[in-house]
Amino acid sequence: MQAKDAATLIKTKLVPPVVSTNQVCRSRLLSELTGSDQYKLVLLTAPAGFGKTTYLGQLYQSLVDHGGASAWLTLGPVSRLPESFLRYFIAALQTIDPDLGSGSLERLNNASVKDITDELGSLANDLMLFQGSVYLFIDNIQSGESDVIEHFIELLLDVSPPNFHLVLASRALLGFSLARLMV
């Protein structure tokens, strides 16, 4: 990541929540998802205050404890624009491996990207070359509030390799077709 871009990203958006021993542990759910590569997408939807972030933090920590390569991204108003979202998305992946998304980031730094979905091929290829599973957690995905971002995620799920897993938390159902993904 070049210096000009490092200053614009809010690093706390890439840090998972702290898991406390005082929190209710959802052990059945954790055991179902930890160590299982069968799910390409995990979507947790509930209103504010129902513990989505807490559970995702526990799952994140459980995967890390079991040797899983996990990255975290909390969306908010800053990451609402498609190009900004893509920068945060890549920055999160690069907390696992600096090579993930490096070509896409270089293109973002050298020219304005008109359509972030143009970077899906490069990102999918980078993920395919990664040894082991990659888990990307995106909290507050509803904050993206962008058809472009939802389309990016839907296409990403179509083209990403089997070692890539997306874990999303949202206060509302997303706009892409979940029925096709459940099959």
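Structure above, values below:
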{"item": "Dipole magnitude of the stretch 108-164, debye to nearest 20 (Cβ charges: Lys/Arg +1, Asp/Glu -1, about Cα centre)", "result": "220"}
{"item": "Solvent-accessible surface ranking, highest first, for 50, 137, 130 at 1.4 angstrom", "result": "50, 130, 137"}
{"item": "The stretch 132-171: translational diffusion in µm²/s, Stokes-Einstein, Kirkwood Rh over Cα pairs, 37 °C, 0.692 mPa s", "result": "303"}
{"item": "Charge sum, other residues only, whose C-beta stays under 11 Å from residue 139's C-beta, Lys/Arg counted +1 and Asp/Glu -1", "result": "+3"}
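The values are calculated or read from the model by the stated rules, or taken from the named source; none is laboratory data. The shown structure was predicted, so the numbers you read here are calculated from the model rather than taken from an experiment. Note: ideal-geometry Cβ built from the backbone for every residue, glycine included; neighbour counts use all protein chains shown. Note: accessible area is taken over every heavy atom of the protein model, side chains too, but ligands, DNA and RNA are not part of it. Shrake-Rupley method; radii C 1.70, N 1.55, O 1.52, S 1.80 Å.
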